[in-house]
Amino acid sequence: MEVGVPKWKKLAKQSENSINSSINNLDDGCLMHIFSFLSPLPDRYNTALVCHRWRFLACHPRLWLRVDRSVKDHSEPGVYASIDTAVSAARPGDTILISAGGIHRASNIQIKKPLCLVGAGELPDDTTLICSRGSDSALEFSSTCKLANLTVRAELGCCLLHRSGRLTIDGCILQCESNPLDHLSHAIITTASSPDVVSSVLKSSGDSVSVSRTRIEGGAKAVLTSGTLSLQQVRVICTRTSLVFWFNVEHS
């Protein structure tokens, strides 16, 4: 018997243990069916962090669209060889889980419907998207979307191009590889000046970019946007000059 512990705390702990035991006694099919009612982000994603069994069930392809380069038989429903094919097949509101390990090519992929793109690794640098030279960006957003737990690397241009909608970037790494002196003339996050993007129209429609818990490395443009911008717990590292900045601001 524990000394000095209030009776209500003991009862709460016993109740919690009883609930956890009851849930884990369910078979895989029943537990997966319960997970299917959870919103992909953040609920189902957080569920995958509980234990190995819950991770396997919460990340099962029946619950997500999945990008997996290692799967040889891509006739399996919901599994795609590349990000662009998964984006094309996705329905508005779907979540695409991008497998960890290896490199995923992403160049000028246009996303015009509400989607969530999530890295399947434990850390954002477990899942890397590479934008090749000659491309304007890795991903181009024209709808309300979310990007989480991913590393996006651009050899030139910008990592992400935001044209409209509300874009949320959470727990990511944005890496810009370009001219060593670019950090002297380009902002890390800047306003697009493309002729087909009218800034006043975008701002009046509530378009915005929210960046949180994200690390930005390099000197070139990481995110190009004409909407309002919010930064929270953003770490910027100019690798060639060994400068580190922390941002927690809102900008329009």
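Data overview
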quantity	calculated
In nm, spacing of pseudo-spin labels at Leu38 and Gln110 (7 Å Cα→C-beta vector)	3.6
Surface accessible to a 1.4 Å probe, Lys146 within the full protein complex, Å²	50
R0 of 22 Å, Cβ-Cβ distance Phe56-Asp126: FRET efficiency to nearest 0.05	0.85
Nearest-0.05 FRET efficiency for Asn25 and Glu76, computed from C-beta distance (R0 22 Å)	0.15
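The values are calculated or read from the model by the stated rules, or taken from the named source; none is laboratory data. All values reported here derive from a predicted model rather than from experimental measurement. All Cβ positions, even for glycine, are placed from backbone atoms using ideal geometry, and neighbour counts span all protein chains on display. Ligands, DNA and RNA are excluded from the accessible area calculation, which covers all protein heavy atoms including side chains. Shrake-Rupley method; radii C 1.70, N 1.55, O 1.52, S 1.80 Å.
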